[in-house]
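Note sheet for the following structure.
The values are calculated or read from the model by the stated rules, or taken from the named source; none is laboratory data. Bear in mind the structure is a predicted one, so any value in this text is a computation, not a measurement. Glycine also receives a Cβ, built like all others from the backbone with ideal geometry; neighbour counts cover every protein chain displayed.
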Ligand SMILES: [Zn+2]
């Protein structure tokens with residue numbers, strides 16, 4: 001998901017003052033009726049502690065077969081779902097799934113036999129009966145109008161008098177429209193058939209298998225060959241215009257790039273989306289080949305106007321973000337990079353959300369650095385040098401600036417700590433070992449230790465597991481002339497009251513002749529520490545962390561240059 005709080009703050013609070021609509025050059029005729037008035041961002045992303053029951057960890061869903069019938073007016077969803085699941089505990093007393101009870105079940109079968117169940121709140125419980133087996137095929141038919149939940153849930157929206165149906169499930173709202181084991185690590189294969197009035201194009205994850213038409217209705221069948229988490233399963237259906245492009249991999253595989261936009265947005269979207277192929281090339285060469293190469297990558301516009309959502313192989317993006325000016329390239333790169341971080345390598349639990357969002361945010365930095373050079377890296381990390389109070393692991397808010405920005409900064413500092421070649425090897429190894437599966441923070445740390453041959457416990461403890469905030473550092477320096485040499489004494493003082501960090505940073509000496517800049521690396525592990533440098537030339541200036549590798553606010557206390 002894109003940085004809700006950042007985009008939200010920048011584009012929505014600022015917009016009240018500067019007129020967001022004018023800035024984005026939107027058509028004033030775009031009338032969006034999205035069914036939901038205001039999403040309270042501050043309440044989002046705290047996962048509901050009672051939502052997942054213990055029994056849910058004792059099942060493994062292998063396959064979801066979703067057959068979805070849409071009626072935009074009146075807003076009605078009718079569905080038949082077949083879930084194939086494996087019981088991990090022989091004597092499991094009940095199968096429990098997440099499923100909102102405002103959707104009414106018409107029939108429920110266990111291995112083809114009608115079965116009793118209870119369906120209250122967000123839980124569907126089927127007590128063990130004689131039809132249970134190691135592998136259970138559950139059939140559930142139901143109907144109703146899904147509730148608006150979370151960032152969206154399942155939405156029957158309207159734009160320019162056209163219906164537009166879309167979904168955003170993250171983190172725990174998939175069950176507002178289909179019964180599922182809504183644990184991110186329980187990935188499964190998916191077949192999904194979406195039927196709507198025939199002038200609509202329907203889209204979902206994976207590969208389009210076929211389109212069938214019957215009277216006034218049209219069905220689109222999508223299938224995944226790679227496993228998917230429930231929060232990434234998605235539906236889009238509207239009178240979309242389709243733009244097509246392709247990506248050719250290093251090993252010459254061709255993959256479709258499909259963009260679904262509102263009629264009238266085609267020209268602008270063509271410009272906005274044209275870099276995707278280059279972005280996929282960059283990310284593939286940096287982390288490993290695009291993990292859904294046998295399926296597709298695509299973007300579909302939806303009506304959630306606070307950002308974008310990385311639904312697997314078909315990112316959703318607010319229709320207002322199509323500008324024809326590439327204003328939101330970073331956001332497109334962010335969602336695309338989630339296909340490595342979040343979608344292919346999933347999270348074991350929502351406590352590990354920084355493995356999705358910190359990684360996607362740092363991917364933006366890496367792409368801009370590759371495209372525009374080191375100066376882009378220095379300014380990009382400066383832009384996200386905020387929101388650093390709080391603990392990144394198991395954060396209070398899943399989609400806060402802390403998770404995105406400090407998460408990205410942790411990777412940035414890990415790169416400094418381990419060196420570029422180790423850092424990229426860590427990311428490639430982590431991707432390769434965990435793609436199509438799920439990782440925890442500890443899994444990532446183990447790989448970082450192993451690949452770098454370093455013990456990074458202290459590093460991760462201080463930046464990831466504690467509310468470290470930002471370092472407050474003061475430094476001073478003076479020079480003594482000794483014979484033909486200059487001796488420079490640098491003193492660094494950590495001002496944070498209760499904690500002392502060990503950190504690695506650069507010290508830059510600037511000489512009269514600028515071309516003679518010299519950079520030394522130091523490790524600071526005490527509250528107050530001095531370093532002596534012997535220099536042939538007399539420095540005129542000493543800068544701590546000139547290239548922005550350290551999450552710190554650094555002030556010079558005094559300089560003595562005699
Ligand atoms: Zn994201």
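Would you pick out the residues in the stretch 340-359 that are within 11 Å of the ligand (Cβ to nearest atom) and assigned to a loop (DSSP other than H, G, I, E, B)?
The answer is 342, 343, 353.
Given the structure, is residue 137 exposed (fewer than 13 other Cβ atoms within 10 Å of the Cβ), touching a strand residue (DSSP E or B) at 6+ places or on another chain (Cβ under 7 Å) and more than 30 Å from residue 306 (Cα to Cα)?
The answer is no for residue 137.
What tally of residues in the stretch 498-509 results from selecting those that are surrounded by fewer than 16 Cβ atoms within 10 Å (Cβ to Cβ) and at pLDDT 90 or above?
The total comes to 1.
Being free of Cβ contacts under 8 Å to residues at least 40 places away in the same chain and not assigned by TED's automatic domain parsing to the domain that holds residue 286 is true for just one of 360, 376. Which residue is that?
Answer to the check: 376.
Free of Cβ contacts under 8 Å to residues at least 24 places away in the same chain, within 41 Å of the chain's Cα centre (by Cα) and surrounded by fewer than 15 Cβ atoms within 10 Å (Cβ to Cβ), is that true of residue 472?
Judged against the criteria, residue 472 is not a match.
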